[in-house]
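Enquirer: My questions will all concern the structure given below.
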């Protein structure tokens, strides 16, 4: 496998995952290189990876996930919300709206390098776990 192919595989595996998972995948990638005795390729791989990442940031897609379909007016409200404004105002980004009925309510905004969870689902799960563990 060539450095460009490794970089592409690493880049694709790290997209749309949280930091903890990203770290785990990167560690597994390093182990794979060691297993295949390709550690010497790491500087080239990182060079190609950086280029892929930078190119991705230039033409980035930002995903806005909601529990229900939202109107253009609501989309505008989300764009003006201080929590999301920084991500949604990046130049060269395309904003994509997606419905996730399991979200219950709220909004999740994610890009390649940021993830803001203002949804109710995780908060309700945390509250449930606290209630169950205190009983």
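Enquirer: What tally of residues in segment 91-117 results from selecting those that are assigned to a loop (DSSP other than H, G, I, E, B), without any contact (Cβ under 8 Å) to a residue 60 or more places away in the chain and under 24 Å from residue 55 (Cα atoms)?
Expert: Summing the residues that are assigned to a loop (DSSP other than H, G, I, E, B), without any contact (Cβ under 8 Å) to a residue 60 or more places away in the chain and under 24 Å from residue 55 (Cα atoms) in segment 91-117 gives 6.
Enquirer: If I filter segment 96-123 down to residues being surrounded by 13 or more Cβ atoms within 10 Å (Cβ to Cβ) and over 18 Å from the mean Cα position of the chain (by Cα), which single residue comes out as nearest to residue 72 (Cα to Cα)?
Expert: Selected residue: 105.
Enquirer: Further question on the same structure: Please go through segment 69-89 and pick out each residue that is under 16 Å from the mean Cα position of the chain (by Cα) and either surrounded by 15 or more Cβ atoms within 10 Å (Cβ to Cβ) or more than 28 Å from residue 55 (Cβ to Cβ) (or both).
Expert: 84, 87, 88
Enquirer: Out of (1) assigned to a loop (DSSP other than H, G, I, E, B); (2) touching a strand residue (DSSP E or B) at 6+ places or on another chain (Cβ under 9 Å); (3) closer than 25 Å to residue 7 by Cβ, the odd one out for residue 70 is which?
Expert: Just one mismatch for residue 70, condition (3).
A quick yes/no check of all residues on (1) out of contact with any helix residue (DSSP H, G or I) (no Cβ under 6 Å at 6 or more places or on another chain); (2) closer than 20 Å to residue 18 by Cβ; (3) in the same structural domain as residue 15 (by TED's automatic domain parsing); (4) at pLDDT 90 or above:
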| residue | (1), (2), (3), (4) |
| --- | --- |
| 29 | no, yes, yes, yes |
| 33 | no, no, yes, yes |
| 51 | yes, no, yes, no |
| 69 | yes, no, no, yes |
| 99 | yes, no, no, yes |
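Enquirer: Could you please let me know if residue 87 is assigned by TED's automatic domain parsing to the domain that holds residue 116, touching a residue at least 12 places away in the same chain (Cβ under 8 Å) and part of a helix (DSSP H, G or I)?
Expert: Against the criterion (assigned by TED's automatic domain parsing to the domain that holds residue 116, touching a residue at least 12 places away in the same chain (Cβ under 8 Å) and part of a helix (DSSP H, G or I)), residue 87 qualifies.
Enquirer: Kindly provide the set of residues from segment 1-20 that are more than 16 Å from residue 51 (Cα to Cα) and part of a helix (DSSP H, G or I), ordered by number. Please lay out each step first, then the result.
Expert: Taking segment 1-20 as the starting set, the residues that turn out to be more than 16 Å from residue 51 (Cα to Cα) are 1, 16-20.
Listed by number, the residues that qualify are 19, 20.
The values are calculated or read from the model by the stated rules, or taken from the named source; none is laboratory data. Computed from a predicted model, the values in this text were never measured in an experiment. Positions of Cβ are generated from backbone atoms using ideal geometry, with glycine treated the same way; all protein chains shown enter the neighbour counts.
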